[in-house]
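Each reported figure results from applying straightforward, stated rules to the coordinates on display, with no laboratory input. These figures come from a predicted structure and were not determined experimentally. As a convention, Cβ positions derive from the backbone with ideal geometry for all residues, glycine included, and neighbour counts pool all protein chains shown.
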Ligand code: UT7
């Protein structure tokens, strides 16, 4: 599995936010664990973040854009409502032979993408599937709403999924959704239900709306459930996991999940403090950092677990393999 990532270029600190809304560095640190986040430059889009991450992932595993059979972009902030952002990425990469579609599963999108890619590869329909989690939540964040604007950052992470060799690769995934929670985290206007109008703009309905407490409760519950389910499916125990990569939304959610499973801190991947909540990008950016820093060794078991708008949840277990420069590796 080749991996790569990219971030928004402009840093936004807690001190910057103190000047924008009625908040404090102390509140943000204590209630969320976030210190900084990176924001995409004006004029750029989610597909630009995605393309940069994809190029790094391709280079990492020694593959070319022409090798790709399918491109999946998981995002809640597409360049446009349609066409799919994955088609922009296909164009940017020059991946002429690849099919492309987007996945909309909130912050669980990258895990949904990994499960989808594994299914296509296992079914032998495709050999090389590029999965990208890319989001520019700054574009739909209301910087007058202190309850949400302190949380989000922009970034992308990518992985190239190909047929596995030996016992390496994607071992198991499980996905879930509960549409009864659809209004808990949403962007109300601009779709078919509430088309854009002067009223929707005046009412700030084109910004993300969230009931933070409801999401928090859901997250703590499903992170444990999803982790247990996916480990059972893979025939593994919690002790077999070398690295946990939880969705990076709030340090208190991660702590609650960690305590429940009695996982030592050194086995948790964290980037929330530096990047904030990057939605679909949080997990693949952490995966890329762990792979490139040497934290991940061949044979290590990685558990990725996410939750998000929908409401959705998902978990995947991967056994890390050699990066095959120029050859197929890792389902
Ligand atoms: O990727 C998935 C998407 N999102 C999430 O996973 C988010 C999950 N939820 C959370 O992370 C937390 O619920 C938040 C960080 C969003 C909020 O933390 P909380 O501990 O649930 O705070 P709260 O909403 O209960 O608010 C507590 C107080 C309120 O003041 P009062 O009513 O007690 O006087 C808020 O108005 O904190 C106030 N508050 C703030 N104060 C300073 C809310 N936001 C801020 C802020 N700065 N930025």
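Some values worked out for this structure:
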read-out: Gyration tensor verdict on region 257-297 (Cα atoms; rounded if a/c is under 1.5, prolate if a/b is larger than b/c, oblate otherwise); value: oblate
read-out: Principal-axis tilt of helix 212-234 within the chain, Cα atoms, nearest 10 degrees; value: 10
read-out: Cα-based helix-to-principal-axis angle, 46-60 vs the chain, degrees rounded to 10; value: 20
read-out: The chain: calculated mean residue ellipticity at 222 nm from DSSP helix runs of at least 4, using -39500 (n - 2.57); value: -10000 deg cm²/dmol
read-out: Nitroxide proxy distance, nm - points 7 Å out along Cα→Cβ at residue 145 and residue 26; value: 2.7
read-out: Estimated distance in nm for a label pair at residue 198 and residue 266, the labels positioned 7 Å out from Cα along Cα-to-Cβ; value: 6.4
read-out: Ranked 143, 38, 275, criterion: other C-beta atoms within 10 Å, fewest first; value: 143, 38, 275
read-out: Stretch gain in nm, segment residue 101-residue 81, where the contour uses 0.36 nm per residue and the Cα spacing is subtracted; value: 5.9 nm
read-out: Cα gyration tensor shape for region 66-156, rounded if a/c is under 1.5, else prolate or oblate; value: prolate
read-out: Cα gyration tensor shape of region 154-263, rounded if a/c is under 1.5, else prolate or oblate by comparing a/b with b/c; value: prolate
read-out: Pair residue 15, residue 298: separation of 7 Å Cα→Cβ label points (nm); value: 4.6
read-out: Helix axis angle, 109-122 relative to the chain longest principal axis, alpha carbon, degrees; value: 20
read-out: Difference of contour (0.36 nm per residue) and Cα-Cα distance, residue 125 to residue 214; value: 28.1 nm
read-out: Residue among 14, 128, 277 with the largest mean-square fluctuation in a Gaussian network model of the chain, springs linking Cα atoms under 10 Å; value: 14
read-out: Alpha-carbon centroids, region 97-163 and region 180-246: separation in whole Å; value: 14
